[in-house]
1. Please list, ordered by residue number, the helices (runs of 4 or more DSSP H) wholly in the range 97-199 having 2 or more residues that are over 30 Å from residue 24 (Cα atoms) and in contact (Cβ under 8 Å) with a residue 40 or more places away in the chain.
2. For residues that are assigned to a strand (DSSP E or B) and in contact (Cβ under 8 Å) with a residue 40 or more places away in the chain, scanning just the range 60-71, find the one that is surrounded by the fewest Cβ atoms within 10 Å (Cβ to Cβ).
3. Hey, does the range 144-153 have a residue that's under 28 Å from residue 185 (Cα atoms) and either polar (S, T, N, Q) or in contact with a strand residue (DSSP E or B) (Cβ under 7 Å, 6 or more places away or on another chain) (or both)?
4. Could you pull out the residue among 158, 166 that is modelled with pLDDT of 85 or more, acidic (Asp, Glu) and buried (at least 19 other Cβ atoms within 10 Å of the Cβ)?
5. Can you pull out the residues in the range 78-96 that are outside any helix (DSSP H, G or I) and surrounded by fewer than 20 Cβ atoms within 10 Å (Cβ to Cβ)?
6. Would you confirm whether any residue within the range 128-139 is of a type in the set (A, V, I, L, M, F, W, C), closer than 26 Å to residue 189 by Cβ and surrounded by 11 or more Cβ atoms within 10 Å (Cβ to Cβ)?
Amino acid sequence: MSINASDVKALREKTGAGMMNCKKALSECDGNLEKAIEFLRKKGLAAAEKKQSRVAAEGIVHSYIHGGRIGVLLEVNCETDFVAKNDDFKNFVHDVAMHIAAADPKFVKADEMDQTFKDKEVEIWTAQLKDEGKPEKIIPKIVEGKLSKLAEEVCLCDQKFVKNTDLTINDLINELTLKLGEKISIRRFMKWNLGEGIEKKQDNLAEEVSKMASKQ
């Protein structure tokens, strides 16, 4: 079937994929834009998986400061210095740093969650459910459900992107991998809150940053 140029443009704007990949996706999906988006996301995931064995030792360390009150230091890796200087790569790194400031992840990936952290969460949930008067026999089942969703709450790659909650950070990585043709890897991050550990009045800084990020 004939692919409309305006549809290719729309697909490129939504996914960031190259023109030829967009044409192929639309052709494979009979011109259906939503199916083409899903096609490209799946292709991005496959491309990312194929590149996992590669070494990504280049990249950048990026700092993001919000209003002098929240600071994030983030390392994102790629395979070549050429890609590290690419605007799409740099914009991605900045967006991820802003997301960290807003969403407050604790780990990069689910396999980095240590057992001590999970055990502590289980202990807190169990105490809360008992305080709420939940029957003892159903508490383990509720806790099991919460534990299965924990990565979505505290792991950066599994979190929904604050600027577009239809995508996770991992979706963004896969799309960028598809676009740039290199392994993209978030290695580590640190976040600081002004006055953290000092007893003071608490402001909802994460909510403030999230609102700012959604407007950009």
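1. Values: elements: 115-131, 139-148, 150-154, 169-180.
In the range 97-199, the matching helices (runs of 4 or more DSSP H) lie at 150-154.
2. Out of the qualifying residues, it is 71.
3. Filtering the range 144-153 down to residues under 28 Å from residue 185 (Cα atoms) leaves 146-153.
Next cut, either polar (S, T, N, Q) or in contact with a strand residue (DSSP E or B) (Cβ under 7 Å, 6 or more places away or on another chain) (or both) only: 148.
Yes - at least one qualifying residue is present in the range 144-153.
4. Numbers: 166 fails: buried (at least 19 other Cβ atoms within 10 Å of the Cβ).
The unique qualifying residue is 158.
5. To start, the set of residues in the range 78-96 that are outside any helix (DSSP H, G or I) comprises 78-80, 85-86.
Matches in the range 78-96: 80, 85, 86.
6. Step one: of the range 128-139, the residues of a type in the set (A, V, I, L, M, F, W, C) are 129, 138-139.
The next check asks that each one be closer than 26 Å to residue 189 by Cβ; those that pass are none.
No - not one qualifying residue is present in the range 128-139.
The values are calculated or read from the model by the stated rules, or taken from the named source; none is laboratory data. Quick caveat, the model's predicted, so the values are computed rather than measured. Note that we place each Cβ from the backbone using ideal geometry, even for glycine, and neighbour counts take in every protein chain shown.
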